[in-house]
1. Just to be sure I understand, how many residues within segment 597-653 are in a helix (DSSP H, G or I) and not charged (D, E, K, R)?
2. Which of the strands (runs of 3 or more DSSP E) found entirely inside segment 212-318 contain at least 2 residues meeting this: open to solvent by 30 Å² or more (accessible area, probe 1.4 Å) and in contact (Cβ under 8 Å) with a residue 60 or more places away in the chain?
3. Any idea which residue in segment 26-56 is most open to solvent (accessible area, probe 1.4 Å), counting only those that are out of contact with any Pro (no Cβ under 9 Å at 6 or more places or on another chain) and more than 16 Å from ligand 1 (Cβ to nearest atom)?
4. Go through the residues of segment 700-707 one by one and say whether even a single one is surrounded by 18 or more Cβ atoms within 10 Å (Cβ to Cβ), in contact with a helix residue (DSSP H, G or I) (Cβ under 6 Å, 6 or more places away or on another chain) and more than 27 Å from residue 744 (Cα to Cα).
5. Looking at segment 84-99, which of its residues are within 16 Å of residue 12 (Cβ to Cβ), in a strand (DSSP E or B) and not small (Gly, Ala, Ser)?
6. May I ask you to verify whether residue 506 is under 23 Å from residue 741 (Cα atoms) and open to solvent by 40 Å² or more (accessible area, probe 1.4 Å)?
7. Counting only residues that are open to solvent by 30 Å² or more (accessible area, probe 1.4 Å) and part of a loop (DSSP other than H, G, I, E, B), which one in segment 123-142 is farthest from ligand 2 (Cβ to nearest atom)?
8. Go through segment 250-271 and count every residue that is within 22 Å of residue 322 (Cα to Cα) and either in contact with a Gly (Cβ under 6 Å, 6 or more places away or on another chain) or of a type in the set (Lys, Arg) (or both).
Amino acid sequence: MTEPLPTIVLIGHGMVGQRYLEALAERGVTATHRITVLCEEPRPAYDRVHLTSYFSGSTAEDLSMTPAGFMEEHGIALHLDDPAEHIDRAARRVTSRSGQVFPYDVLVLATGSYPFVPPVPGKDAPGCFVYRTIEDLLAIEEYAKDRGSGAVVGGGLLGLEAAGALQGLGLATRIVEFAPRLMPVQVDEGGGAALLRTIESMGLTVHTGVGTQEVVTGEDGHVSGMRLSDGSTVDTDLVVFSAGVRPRDQLARDCGLDVGERGGIAVDARCRTSDAHVYAIGECALAVDGRVYGLVAPGYEMAETAADDLLGREKEFTGADLSTKLKLLGVDVASFGDAHGATPDSLDVVWSDSRSGVYKKLVVSPDGVLLGGVLVGDADSYGLLRPLTGSVPPVAPEQLVLPAGVGAPVALGPSALPDHAVICSCHNVTKKAIAACDTLAEVKKCTKAGTGCGSCVKVIGQLLPAATDKGLCGCFPFTRAELYEIVRTRRLTSYEEILDGHGRPEARGGDGCEVCKPTVGSIIASLAPTLGASGYVLDGEQAALQDTNDHFLANMQRNGSYSVVPRIPGGEITPDKLIVIGEVARDFGLYTKITGGQRIDLFGASVDQLPRIWARLVDAGFESGHAYGKALRTVKSCVGQTWCRYGVQDSVRMAIDLELRYRGLRAPHKLKSAVSGCARECAEAQSKDFGVIATASGWNLYVGGNGGATPRHADLLAQDLSDAELVRLIDRFLMFYIRTADRLERTSTWLERLEGGLDHLRDVVVHDSLGLCAELEALMADHVAHYRDEWAETLQDPERLRRFVSFVNAPGAPDPTVKFVPERDQVKPDLAVLTIGGPVR
Ligand SMILES: Cc1cc2nc3c(=O)[nH]c(=O)nc-3n(C[C@H](O)[C@H](O)[C@H](O)COP(=O)(O)OP(=O)(O)OC[C@H]3O[C@@H](n4cnc5c(N)ncnc54)[C@H](O)[C@@H]3O)c2cc1C
Ligand code: SF4
């Protein structure tokens, strides 16, 4: 008779449990042991880190962490929906809820955590939820139907994520946080302030420094509100508790294993509990450094450690990096190393721009070693900064936090990192190991890097030789033009749907990035009428996709104030309208400048002044000039035939017609145009994306010009066109460009890149060689028919107006950091208020 195989029983099939099984398989232990897994949940392990993506269309299958056939291949017996209820250590056996008894030689506890619910009256009322499992999310989703508001208790990492989910479900959402700032564990005071500001600008209500004293219920016994510790009562239909987690150590307590004073199954450096036959790994374990880790990366390392220990291999888990990078409610938040500057004598280097919600702090030692940092609003550099922790960076720390264009001469690339720098902290993978691979798929397969939280994927991409990937960004394997076609042909109007359905596998279910979000936002906006979507750029999910300028329908300037540019089609304006502009500028103290594009730019408006300024302008017949968008800006004109002795056509009328036709048109880059009344070219039409020059018998159309940093003369596309022919050709040209250009590609570079160049363009838009012209014209007709002025539309909707405040908690209060000083009888920004090199006061 053969000896029975030694048996391992694993309790808990969460993220760390599955990792443990994989570690066993990699070490060949599955062939030498019998393995049984008891799983409380009705489904095998899934990606809890990306749980929220369940609301945006990810299925349980998408989130699954168990490769198909894994259990069968390794002979692992998985018992779903059957939690362990009792451990008999003396007899070495576990009894499950169904009454089955499982003897073991080795027992591994990977039972994770449970959400802590503060003991407030009403906490069990219908309408109260926690946020931990797919089942929790399903219950929230069901309850939220037909309900209007929700509140999250806890403004930590998970609380913000839950709040984002509630807002995504259409609920007016508030966050109640006991600490004086959001995410108190990860970010410092300055970071918390930047986060608060941005989150409030998204329409969420945040209460900090207050606790929840009671969940109030209505007559039907369901949640109707909350009483807070400051004495106020707020209405809410639903409450999600996200006030921290506690290790699930009850089974261990019951069977007499050592647990920590504040919970957690005590383990040594090899993850062994007080019983040599029992291990504990993941969130249920109290590590040897006295911490219970609430992150997945330390859990994975514990899983590896326990698997090695089984084979007698030397490996110890003595502590882990608590670095995190997340996108919460669309805001990048990252912290790494000694983020709070707890190291004696440490120094701070701070960049703070509270107007754009960016806060970056680096903590350095007196001799220049990078100790840690906090990044809010822009965490792009996290992937490079975190691996540099513990070393002296190759450039001065201020260069690592200053934004481009404000004295940051060095773009620190991954090449600056040493070979031993850990790029993927979830799986502890170094730059050297990644550089040995050719593709992202290979990196993931061979090293697992990039398969955890995903924050390192961008840096990995930069390290690979296959940086030839033409995809738009780390989220999409498609060019902008391909993405445009996907959106158009599949009639997609939701960013999440596009990302989850067409993004790179590793990006699906995530939140996208700053490259693809505005790009997709622009594509949806330019196709909106054809797709049947709202053309208003700040409607629903579209708002979160927009760049800062589009977000406030005005141009953000250096000191965080905004400039307002009313449309003046063709540059023609009545004296009355000129007076209105002057009066508005005077009444709001705005700096006034006539631009190169025949507009009047009004600078120095604060966010809360914008609606009042627009109201005055809209009343006087002005509309948005879209100077903030990647959209048509101006169609400049000379004075033309009407007044000029040389003019052969009415260039002003044509410029007005063209500007009104294409106003609001979103494109890969801003678009400018001009119409000259004769070949003398006073309107400089040949330096424009499309320029029109009058001839004795009609109009000549020039395309692909650029007066920007790399000037280019436009090419003549067609000659002597009638009014109707001219407009039709421009329609086709613009739509073909919008459809096929890359992100942020001007018409000039696009034309030069286009295979076949001008001849090909002419074939397509004049001779219809691709049979596209009818479609291009129809797209433009849709745009023209559905144009609405964004300023006027915003003014009509009190909900939309709510975003235009400096402080959500104190509407009407101006932002004290926006200051001006006099210059030449007007004002200019006082830049001294920007903070560099010291803490924000
Ligand atoms: C919404 C959300 C977002 C998160 N985001 C991040 C992030 O961005 N980064 C990060 O690092 N971490 C994040 N986390 C935390 C991360 O998910 C956990 O650190 C990780 O899941 C811990 O893995 P685990 O296996 O220890 O516990 P779990 O994944 O919770 O698994 C434990 C499993 O054990 C089961 N179990 C418990 N008791 C028994 C029993 N008696 N019998 C059988 N089964 C039992 C539980 O039902 C559960 O399925 C997030 C968590 C949530 C909920
Ligand atoms: S372009 Fe010709 S028509 Fe226009 S202002 Fe100059 S000279 Fe006159």
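The values are calculated or read from the model by the stated rules, or taken from the named source; none is laboratory data. Values in this document were obtained by computation on a predicted structure and should not be read as measured data. Cβ sites come from the backbone with ideal geometry, for glycine too, and all protein chains shown count toward neighbours. For the accessible areas, the whole protein counts, side chains as well, though only heavy atoms, and no ligand, DNA or RNA atoms are used. Shrake-Rupley method; radii C 1.70, N 1.55, O 1.52, S 1.80 Å.
1. 11
2. Working: elements: 212-217, 223-228, 233-235, 239-241, 245-247, 278-280.
Once the strands (runs of 3 or more DSSP E) in segment 212-318 are filtered for at least 2 residues that are open to solvent by 30 Å² or more (accessible area, probe 1.4 Å) and in contact (Cβ under 8 Å) with a residue 60 or more places away in the chain, what remains is 212-217, 245-247.
3. My answer is 26.
4. No, segment 700-707 has no match at all.
5. 85, 86, 87, 94, 95
6. So residue 506 does not fit the description; no.
7. Only one residue tops the list, namely 124.
8. Residues flagged as within 22 Å of residue 322 (Cα to Cα) and either in contact with a Gly (Cβ under 6 Å, 6 or more places away or on another chain) or of a type in the set (Lys, Arg) (or both) within segment 250-271 amount to 3.
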